[in-house]
Amino acid sequence: MAAAMAAAGGAAAGGAVSALRPRLAALGRRLAAPGGAGGDDTFLAKGSATLDKLKDLCNEGKEHPSMLLQLYTQAVLDITYFEENQLVDVDFPEESSLQKVKELINILSEPEDLVKKCNINEEPINILGAELLECLYWRKGALLYMYCHTAKERSKWLRENSTIFKKCLNDGVHYLMKMLSFRCPLQLNDDVSLQDKDAARLLSEGVFSDTHLLAMMYSGEMCYWGLRHGGERKQESLETVASVPSSDLDCRSQCVLLDFRETGKNMLTKYVAVCEGPLKGQGWNTSTAKQMLCHFMKSYH
């Protein structure tokens, strides 16, 4: 029995190593690309060190697949963060940034894909853990948020690409909502004894960090942009967005189309309640969120 389990473990590790090798090579090429090679960025250095460690572990072939995939995920997060910052620094060039955003989202999706391809028969959350999955989805959603924040100010581009813009918003909100779903909110009942009632309230609302709170605000804001740029004609808008080929955006575009008004209202209502409740006086501003909520609350007519 023990021998059979060891053989199964070795097979799983071998499968992970085989699946990882081409991806490690691809990450290595990204490090060697102009702008990456010789960079003194902290995240590039961390990603490079993790990559070297992973190559050694793959050659040894002894580590459990979860360890290999977690290290790979960390390398992906660090290396793409450097590239993401480069995009932000040059203000998302109109002619090339959409393709670059799609490319980064595809790379940030690879760790989860790898879990499935390695035939480990475990859910990604059991292999990568909630924290790393939250990071991956946060980064995808925040990247689309920053891209859309810049794109919405380019009136000519927006007129010509309004459907693509709304699809980017739709995908971005989906990613952030997924990020908020990995950990179950704390159920407050008589069996839960927490001295800090504010902390208990935050956990019960599913707010485990500042990033969770930002995800709510970003989601609400993207829904607001969606409504402001033609989303009021809801059914027509959704049908138009649904007709966009996924290749025009990215191969991982979300199929489920959001009700921007309802989703945005829910997200910002929770954001304001948390900021003015357990986080009152902690420096979180709610004035912009309240203005957007007023827009969501308006009648359709």
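The values are calculated or read from the model by the stated rules, or taken from the named source; none is laboratory data. None of these values were measured; they are calculated from a predicted model. Cβ coordinates were reconstructed from backbone atoms using ideal geometry, including for glycine residues, and neighbour counts include every protein chain displayed. These accessible areas exclude ligands, DNA and RNA; they are computed on the full protein's heavy atoms, side chains included. Shrake-Rupley method; radii C 1.70, N 1.55, O 1.52, S 1.80 Å.
Across the protein chains, with a 1.4 Å probe defining accessible surface, the residues 149, 295 rank 149, 295 from largest area downward. Once the Cβ-Cβ distance of residue 113 and residue 152 is raised to the sixth power relative to R0 = 30 Å, the FRET efficiency obtained is 0.50. According to the calculation over all Cα-Cα pairs in the range 56-100, the P(r) per 10 Å bin from zero is 23, 34, 21, 18, 4 %.
Give 156/178; 116/140; 100/166; 102/166; 55/140 a once-over and call out the pairs whose C-alpha atoms are over 24 Å from each other. Result: 156/178; 55/140 exceed 24 Å. Measuring r between the beta carbons of residue 53 and residue 282 and using R0 = 51 Å, the FRET efficiency lands at 0.85. Tell me the accessible surface of residue 55 in square angstrom (1.4 angstrom probe, heavy atoms of protein chains only), to the nearest ten. Around 90 Å² of this residue is reachable by solvent. Determine, from the Cβ-Cβ distance of residue 162 and residue 297 and an R0 of 22 Å, the FRET efficiency 1/(1 + (r/R0)^6), rounded to the nearest 0.05. That gives a FRET efficiency of 0.35.
Residues in the range 103-116 carry Karplus couplings, in order, of 4, 5, 5, 4, 5, 5, 8, 5, x, 5, 4, 4, 4, 6 Hz; the curve used is 6.51 cos²θ - 1.76 cosθ + 1.60 with θ = phi - 60°, and Gly or Pro positions show x. Dipole check for the range 82-174: with +1 at the C-beta of Lys and Arg, -1 at the C-beta of Asp and Glu, and the Cα centre as origin, the magnitude is about 480 Debye.
Full extension of the segment from residue 103 to residue 26, taken as 0.36 nm per residue of separation minus the current Cα-Cα distance, would add 26.5 nm. What the range 60-115 shows is 40 Å² of accessible area per residue, with the surface traced by a 1.4 Å probe over protein heavy atoms.
Modelled this way, with points 7 Å down the Cα-to-C-beta line, the labels at residue 18 and residue 89 are 4.1 nm from one another.
Computed extension length for residue 123-residue 210: 28.7 nm, one decimal, from 0.36 nm per residue of separation with the Cα-Cα distance subtracted.
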